[in-house]
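Participant: Got a structure for you, written out below as structure tokens; questions coming shortly.
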Amino acid sequence: MVHSNGARTGITYGKIPNYKYTWDYNKVWGCQCDQDYTGYDCSLRLCPKGDDPITGNGNGPQDPVQVKEVQTISCMANSGTFRLRFRNYETVDIPYDSDIYGVEKALEDLQSTGGATYQGDVTVEVAKGDPNCNATVCCAHNRTDGTGYYGNTLSIYFISELGNLPEMVVSQNLLGPYNNGTGQELVDGEGPVAIAVATTQEGTTENGTLLLLFVHVTCCSTLILVTDLCSALFF
């Protein structure tokens, strides 16, 4: 009830939906929850999710082998940094000459590859575009035979994240231009910066609520109870 000078007015604030003279009639307030939390005040935990271990074992056409997501980063540069964004979470600056472990840490530190309460898990491999390249994120080597520039390609294997994942995004590109890899400038100056993300294998594993299977055996019967982890019953 609305009061005026200490007395009730007989008006119930908000009783009339979308009443334009109600100051907050067109406003919605809420909380932005951390990963793994939900509810109007973010006090509720989401149920754990995971892959179904019974499926994806290659037992015929109805049960094909399931695979994890693989994405690649191709980069040609010889200075600077860049950032990656995955599911709206952004990494720290990644130097052009970072090794695979630096990239792994940057991605595993994201809440979107793990959660609010556990560390994510990715595996990174590097394929050098030329034998003269180092095993780093980026390389810029120009072969003397004039066949052009060669950069490195990283393969990102998502271990903890299941299913078909959204593609990573290069959210910030502060990489520097490259020359011909021998310290000599190109005739028309330095070449451009090139970095790109691509999905080479879509994940096909499930990402559902984990189930627990309890079997209670008595002398007369067997009772099987399947329940989720949020309401598990032990007996």
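Participant: Here is a list of conditions, (1) in contact with a helix residue (DSSP H, G or I) (Cβ under 9 Å, 6 or more places away or on another chain); (2) assigned to a loop (DSSP other than H, G, I, E, B); (3) not β-branched (Val, Ile, Thr), and Arg83 meets all of them except one; can you say which number that is?
Facilitator: That leaves (2) as the condition not met.
Participant: Moving on to the next point. Where residues in segment 1-56 are modelled with pLDDT under 80 and of a type in the set (Lys, Arg), which of them is nearest to Gly203 (Cα to Cα)?
Facilitator: Lys49
Participant: A further question on this structure: Looking at (1) in contact with a strand residue (DSSP E or B) (Cβ under 7 Å, 6 or more places away or on another chain); (2) loosely packed, with under 13 Cβ neighbours inside 10 Å, which one does Gly14 not meet, given that it meets all the others?
Facilitator: (1)
Participant: Looking for something in contact (Cβ under 8 Å) with a residue 12 or more places away in the chain, exposed (fewer than 15 other Cβ atoms within 10 Å of the Cβ) and within 30 Å of Lys128 (Cα to Cα) - is there at least one such residue anywhere in segment 29-44? Give the steps one after another, and end with the answer.
Facilitator: We begin by selecting, within segment 29-44, every residue in contact (Cβ under 8 Å) with a residue 12 or more places away in the chain; these are 34-37.
Next, only the ones that are exposed (fewer than 15 other Cβ atoms within 10 Å of the Cβ) stay: 34.
Subset that is within 30 Å of Lys128 (Cα to Cα): none.
Taking every residue of segment 29-44 in turn, none turns out to be in contact (Cβ under 8 Å) with a residue 12 or more places away in the chain, exposed (fewer than 15 other Cβ atoms within 10 Å of the Cβ) and within 30 Å of Lys128 (Cα to Cα).
Participant: Note down all Cβ pairs under 9 Å where the first residue falls in segment 71-86 and is over 16 Å from Tyr157 (Cα atoms) and touching a residue at least 60 places away in the same chain (Cβ under 8 Å), the second is of a type in the set (Asp, Glu) and part of a strand (DSSP E or B), and they're at least six residues apart or on different chains.
Facilitator: Final answer for the pair search is Arg83/Glu90.
The values are calculated or read from the model by the stated rules, or taken from the named source; none is laboratory data. In this text, all values refer to a predicted model and were calculated from it rather than measured experimentally. Glycine also receives a Cβ, built like all others from the backbone with ideal geometry; neighbour counts cover every protein chain displayed.
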